[in-house]
Structure formats: C-alpha cells, structure tokens
1. Tabulate in residue order the Karplus-calculated ³J(HN,Hα) for the range 63-79, using 6.51 cos²θ - 1.76 cosθ + 1.60 with θ = phi - 60°, rounded to whole Hz; enter x for Gly and Pro.
2. Taking a ≥ b ≥ c as the square roots of the Cα gyration tensor eigenvalues, with a/c under 1.5 meaning rounded and otherwise prolate when a/b beats b/c, else oblate, which class fits the range 17-68?
3. Considering the options T27, Y60, I44, tell which one lies farthest towards the positive end of the dipole of the range 17-61, charges being +1 on Lys and Arg and -1 on Asp and Glu at the Cβ, about the Cα centre.
Amino acid sequence: MKNWRLNNVTESAFEKTGPIPRSIAKTFEKFKKELEPNSESEIIEEFRVSRYQTASSIKYLVLLVTVPLLINQASKSLVFSPKETKKEKMKKEAKKLKKFFLNLLNPTHERVNIRK
C-alpha cells in the first residue's frame with residue numbers, strides 16, 4: 001500500500017446538499033470518470049484500495065471473534081480449572097509406588113492391579 005498513489009482517491013467527507021439526491025449525483029460523477037482518458041488506471045487503483053480495505057476488515061473481524069474465544073478457553077483451562085489438593089496428589093503417588101513395589105517384589109511376575 002505504500003507505493004499506491006492515493007492523492008485522487010480520497011474525497012471530502014462533507015458534500016453539499018442540493019435538490020438532486022446524492023446517489024444520483026454520485027452516479028453521474030462515476031459516468032464522467034469513466035469517460036476520462038485515465039479512468040482505467042484510477043478504477044484499478046480504487047479497486048486495489050477497496051480490496052485492501054475488505055481484506056483488512058475481514059482480518060480484524062476474525063480477530064475480534066477468535067481472541068475472546070481463545071482467552072476464554074485459556075482462562076478456563078489454566079486459571080479456573082479445579083486443582084488437586086496435596087492429599088489427593090499424595091494418595092495417587094502412594095498408590096503408584098505401592099503398585100510398582102508389589103510388581104517388583106512379586107516372584108511369579110504377574111502384574112498386580114490395585115483398585116480403589
């Protein structure tokens with residue numbers, strides 16, 4: 001976009017009001033532009049600008065939708081997830097160790113399954 005010549009593309013935000021509706025006046029202005037010798041290059045330039053604006057608008061809309069969803073999911077899983085207490089962690093570790101040593105010391109090499 002930095003190489004675009006946007007001098008002629010921008011129009012003033014304030015238009016004079018008159019007895020003819022603006023939409024009709026704009027239509028006649030477009031017809032006049034098409035009759036000019038450099039109209040093709042101007043139309044292509046305007047198309048490029050509108051394409052860039054459309055692409056950037058879509059990108060920002062996608063960001064506006066996805067970022068809150070991602071933050072919501074991340075906060076649910078990282079911040080507000082239920083934490084295990086120390087007792088629960090110690091019970092799990094003790095259960096794993098007990099199973100390990102029972103399997104290690106079992107002379108028949110049968111796996112010992114410990115259930116709750």
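1. Each residue's phi maps through the Karplus curve to give 5, 5, 8, 7, 4, x, 5, 5, 5, 4, 5, 5, 5, 5, 7, 9, 8 Hz.
2. Working: a/c = 6.84, a/b = 1.80, b/c = 3.80.
Oblate is the answer for the range 17-68, as a/c is 1.5 or above yet b/c matches or exceeds a/b.
3. Among T27, Y60, I44, the one farthest towards the positive end of the dipole of the range 17-61 is Y60.
Readers should treat all values here as calculations from the given coordinates under stated rules, not as data from a laboratory. Everything numeric in this text was worked out from a predicted model, so none of it was measured. Backbone-built Cβ (ideal geometry, glycine too); neighbour counts: all protein chains shown.
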